Every structure is written in C-alpha cells, then in structure tokens.
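The values are calculated or read from the model by the stated rules, or taken from the named source; none is laboratory data. Here the structure is a predicted model, which means the values were calculated and not measured. Positions of Cβ are generated from backbone atoms using ideal geometry, with glycine treated the same way; all protein chains shown enter the neighbour counts.
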Amino acid sequence: MRSPSVVLAVLGLALLVPSRAVAGGGISLNPFQFVNEIRIGTSAPCDSDLRACAFQPIVVSAHGIFPNPCMRIRRFEVVQPPFMSPFPRPPILRILVDNGGCPQVALCVNRPTRWSASLLMPGLPAGDFALPVVYAIASCTDSFPSDTSLISTQSIPFTVDSGCTNPPACLIPTWGDPPGGLCNAQPMRGVPATLDLGVQSWAPLAGLQGKLAFYLVTTNEPVLVQPGAPRIVSLDPIGPAAGMHIQYTSNGSGVQFVMFADRGAPIPAAPPDYRFFSGVPILRVGVAAPDSGVPPSVVSLRALEFLGSDSLGGAVPACPLPPCIGPPPEGHICFPSATCDVNHDGSEDVRDLVQLVHCVLGSGPCPDYLTGFDCNGDGQKNIDDVLCCGSEILHGHVPDSTTTRPAPGVHVTFGVAERAGDGVDVPVHIVGADFLGAARLALSFPTDRFRDARVDASGMSQSWLSLGERIGGPFVIGLVNIAGNQSRLEPQTLDFVVHLVLAPGASPDGEIAMSAAEFSGNDGVALAVADAAPSQALGGRPGLSRARPNPFSGETRFSLDLPTAASVDLAVHDLAGRRVATLFHGTLTPGARAFVWNGHDDHGGAVRDGVYFVRCVTNGRVQFQRVVLLRGR
C-alpha cells in the first residue's frame, strides 16, 4: 500500500496535512518560521504521492523562504533520541536557522531568498510513526539555544509501506537559487562573479565528473570560448566537498572537470526532489565577463554528462528527467546593460557613486541617461544598484589628471590592534566624514600571516554603506554616504573595524597600512586628503610604523604603538651607527604616539643628505626604519 503524502505546508499560519495524519497527530498550528514545507518520503517523477519503503533509507526534505540572502540553514540533521526504546522509532530532525545577525561584509538587502535541504534517515519497519522536529533560530552560532523557550517542537505523522522499493541511485546537478529569482551571477568588467553548483544524490559521493558549458538562451546554441565571450576562471570545492581534489580544463564552450576524495564519500546523500532542484553546494564556479566586446545580456550555464561514484567505485549516473519535469536546472549569467560611469567622464570611480546615490534616493538630479539604469538587472532602480556599482568601482580608480579640491579636515587613523576570535581587529577612524560622499581605501597587510579580511560595520552610522573585497594582495573597502550633505559644528568621525583572519599556525606580526586612498565630496568632486597613509602594528608587540614621506626633504613622520607600558629609546643613527638625534628616551604608556624628525641633529644643526636609520629600543626589543633625506642642494 502506498502512503498518503505526508507534508507540512505553511499557508499563513495554517498547517495542512492529510486527514489521516491529522487524526494521528492533531496538528493545527505551524511553529516553524521561514519553513514552507517538510516532506517525509519520496515520489517518482510526475507522481504527487510520497512513499517511505520498509527497511530502506527514508528521505526527509524541507524548503522555505528567507526574507534576505544573509539568512541560512546552519543545521539540518537527524540525531538519535536521548532515551532507548524497545520499539522502533524515527530519529529527531533538528533545524537551526541563522538569522544573519553577525556583521556582514556588505549591506544585506531585503530580498526573498528560497532555501531547501534534504537528507536520508535510517529505514524503519512498516507501520505508522511520528517524526519529532526541533526548530530554533540563532545568531552567530552552530549551537541550539539553551533556553527552551526559544525552541519550537512538532511531530509529523507518516507511514512506512511494505512492498515498495526506492528508485535506483542517481543524481541531479543543481544551481544555487538566483538572488531575487533572476540571475545566479552577474560578472562585470574586471570583476568575476561566482555561482554555486550543487548536487542531489541518492548515494553519498566520493567522486564526480562532468562538463559545464555556456549556452545562448535565445537560440539554445553553445557559446564558444573566444574574445567577447564569458569564461570560467575558477572551480573551487566548497561545503562538504572542500578538500576534495579537482582538475579541470577548458574546452570549446566551457570546462570539463573531475573531482575525487582521498577517503570516504564526503558529499552526503541529498535525494532528488523533482519539485525543488536545490542540492548540497559542492563547487563554486568563478565566471568572468569578456575583457572586450559586448557579451549577450544573458547566457545559461549547463551541467552536462555528470557521473558520480560512491565510496566503493559504484556508478551514480544522472537521473533521467521525464517531460513532465521540464528542462534540467541551469544557471543564468547576466551581464549589466548599463555602465557605472554616471558622470560620463570615462572612468568609474567614487564620484559616480555619489551622483548615483543622489539619483536613486531623490536627493539630487537624475540625468536622462539614468532613466533606464539597472546595474544588477533586477528590473528596478534602487539602492541595490548602488551596491552593484560599488562592487565594480572597488576595482577602479580616480584618474591622476582629475581636478581635486583640498580637504584638510579629512584624515584617516588606525586604532590599536587587538586579538579577536580567529584573527586581529583593527579600528579605523575617518575624521571629517561629513565632508565625504564616498571613499575607496586600499589596505595592505602581511598576506603570508593573514589569509583574509572583512569589514565589521556594526558600529558604523546607518547613513553609510560599506563593501569590502580582497583584490590581489590589498583589501579594498568602498564607503558610500547615502545621507547626503550634513551640517555639523564638529567634524563627524566614521568608525568601523577591519578584521584580519590569521592563517593556521601564524602569529599576528607585521603591520597594516593604507596603500592607497581616494575620496569624493558630497558634490562628486574628488578630494585631495593630506597624509592619507596611516599604518598600525599588529599583534601584541610594539610596532614602529613606516616613515612618511620617505624620501623626505623637510620632515618625516612615523608612529610607535605600544600594547603595554614600556621603556623606550627612539633615536636616529647614520650609516656608521653614530647617534644623530634622540627623539625620545623614557617610559611611555600604552597606545600610539606620533613622532617627527626634521633632519636636524641634537644640537639643532641640519644633517647632510643621505640614508639614516630610525632605531627604536622597547624593553630590549630593537626595531629599525630606514629613511632617506634629500634636500636637493
């Protein structure tokens, strides 16, 4: 006998289940926010009835909608009940949702985002059962709340049939849900984008091979790899597949790849659900826009000739999809139809962001050519387009020939670095932010010790948007003022934190420094900011910053940062090691101190042009900085 469909479906707050299940469980309300449906059992293609077969693994799947893409499923798992029972019973399904409360690298825009998950629970004998479900919403943790009032529970009745069999093992490649339901990825010139390839499989996988190919949506023809065509630039195993070996090579219209594990089958079973093609993410695909030429507005990325292997080398072929299911899943790559050069000066930079913000928010004029502007291709002109252009402009720069306006009230400083979690937090302060419309800051740090960086904007004013991205070696931060011009008696300070993630086994030595900075006023004019090149020591050791300017003709500046009080001897020496000038000798309290050397010795006389060393001895630890004096006389 085939069991009736066993489903929890949310319609408002009503929970709809078959009458047979209601009689067994008496369910009337749904306690699970963001969950649209929980299904027990599987169905054949084109068949709406679910089945759970006796003594065979049973499929448990769920799907729903989050209000924004920052939320995600932290845990979707089954655990054994804490108490033994002489009777067969199902495990406990646990669902933990992350509400996205941790600081984000960029603004999280409210946009409905679908999610789905599935797993196999151990088989049961034929009969009627109830699956206990435990549900909670948490922030920044993988653990369920200890407060039971924050946990929702429910039991879902289901029936296990005798005399039925599950379909043979097969797999379906899937793509992550497109943000906003449109494009899975949107690369821009010089800025690759990524989309996630997943898999639904009846069996855990130890290996997988296949092809990824671009196709024209309009003519269903392959897009040959040539100038003016998109290309795949990276394939990185992610999620449970992280650590698997992968090899790939380009072919005529994309790539072909093979990936395998040294041991076991790390890609878990996530049985195909023919209504919701959202499997376990296993590959992050990097797609680049063409360097030149005009690409198609939309191309599809298809997964072809997929074949999996279980841990014993058994084949797991692609599932055949009957006509009632429709075409197999494919990713969609969209290319922006508009440029972010809002002021039409031939360059995409922070000044364009200022004018775009005024246009979008209605606080300034909107040129005629922006009427149809839609950077992210979602059919709307809103703050998402500002973020879209901001991502592209992180890779741009203000031309050197641009006329600038002096901004003596604007300067950037670093606070004392502190150990935090998996790395180091460095406070950043921008004084005079009320004069700014946008800024682009490039930060350099020891990439052999720190493997990543991100912006913590939790302390930043809500009138600012922030974006952060590693571009080559430096970490580039984009800041956009969406509040417009502000009148203040005192300069406004914009405060945020850069978190540097330590590499495994590395110590937090070295320094972080501003390698480049660009600023725009509220009116879109580029600003000339003096001394926009601070630096800060990292870790718990005293740090002597680089001297700036260097070479110098009048005076050079540097700072000494002390994590604790220390005895300090700071002096300038010549190449022969002779002391030329004493800058400080004594005890200093913790914190950063600024020092200046004006090219004179201890008697007030001007020293000769040449190479000198700033020598700092702090509690017996010696540091040097080389400086070059060039007066040109």
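Return the residues of the stretch 463-476 that are farther than 22 Å from S507 by Cβ, modelled with pLDDT of 75 or more and not in a strand (DSSP E or B); say none if nothing qualifies.
S463 - this is the single residue of the stretch 463-476 that is farther than 22 Å from S507 by Cβ, modelled with pLDDT of 75 or more and not in a strand (DSSP E or B).
Are there any strands (runs of 3 or more DSSP E) wholly within the stretch 401-456 with 2 or more residues that are within 20 Å of A503 (Cα to Cα), and if so which? Talk me through it step by step, then tell me what you get.
Values: elements: 404-406, 411-414, 418-420, 423-431, 436-444, 450-456.
Here the list reads 418-420, 423-431, 436-444, 450-456.
Can you report the number of residues in the stretch 450-482 which are among the hydroxyl-bearing types (S, T, Y), farther than 16 Å from G421 by Cβ and surrounded by fewer than 19 Cβ atoms within 10 Å (Cβ to Cβ)?
Restricting attention to the stretch 450-482, the residues satisfying the condition of being among the hydroxyl-bearing types (S, T, Y) are 458, 461, 463, 466.
Now restrict to residues that are farther than 16 Å from G421 by Cβ: 461, 463, 466.
Keeping just the survivors that are surrounded by fewer than 19 Cβ atoms within 10 Å (Cβ to Cβ) gives 461, 463.
Qualifying residue count for the region: 2.
Output the strands (runs of 3 or more DSSP E) that fall wholly within the stretch 282-384 and possess 2 or more residues being aliphatic (A, V, I, L, M) and modelled with pLDDT of 75 or more, or say none. Walk me through it before giving the result.
Working: elements: 298-309, 315-317, 330-334.
Passing ranges, in order: 298-309, 315-317.
If you scan the stretch 581-625, which residues turn out to be surrounded by 12 or more Cβ atoms within 10 Å (Cβ to Cβ) and charged (D, E, K, R)?
Once the filter is applied, which keeps residues that are surrounded by 12 or more Cβ atoms within 10 Å (Cβ to Cβ) and charged (D, E, K, R), the stretch 581-625 yields R593, D601, D602, D609, R615.
Check R189, R231 and return the single one that is more than 17 Å from the chain's Cα centre (by Cα), at pLDDT below 75 and of a type in the set (K, R).
R189
What are the pairs with Cβ atoms under 9 angstrom where one residue, in the stretch 315-331, is in the same structural domain as A265 (by TED's automatic domain parsing) and the other, located anywhere, is surrounded by fewer than 12 Cβ atoms within 10 Å (Cβ to Cβ) and in a loop (DSSP other than H, G, I, E, B)? Sequence gap at least six, or different chains.
As it stands, the answer is P317/P168; L321/P327; P322/C46; P323/C46; C324/C46; I325/C46, since those pairs meet every condition given.
Which members of the stretch 69-98 meet the condition of being crowded, with 18+ Cβ neighbours inside 10 Å and among the aromatic types (F, W, Y)?
F76
Restricting to the stretch 505-521, count the residues that are outside any strand (DSSP E or B) and either in contact (Cβ under 8 Å) with a residue 40 or more places away in the chain or within 21 Å of T413 (Cα to Cα) (or both).
5
Which one of these is of a type outside the set (G, A, S) and touching a strand residue (DSSP E or B) at 6+ places or on another chain (Cβ under 6 Å): T564, T556? Give the derivation first.
Values: T564 fails: touching a strand residue (DSSP E or B) at 6+ places or on another chain (Cβ under 6 Å).
Answer to the check: T556.
Does the stretch 561-584 contain at least one residue that is at pLDDT below 90, over 28 Å from V426 (Cα atoms) and among the hydroxyl-bearing types (S, T, Y)?
No.
Can you confirm whether F32 is buried (at least 16 other Cβ atoms within 10 Å of the Cβ), at pLDDT 50 or above and in a loop (DSSP other than H, G, I, E, B)?
Working: buried (at least 16 other Cβ atoms within 10 Å of the Cβ): yes; at pLDDT 50 or above: yes; in a loop (DSSP other than H, G, I, E, B): yes.
The answer is yes for F32.
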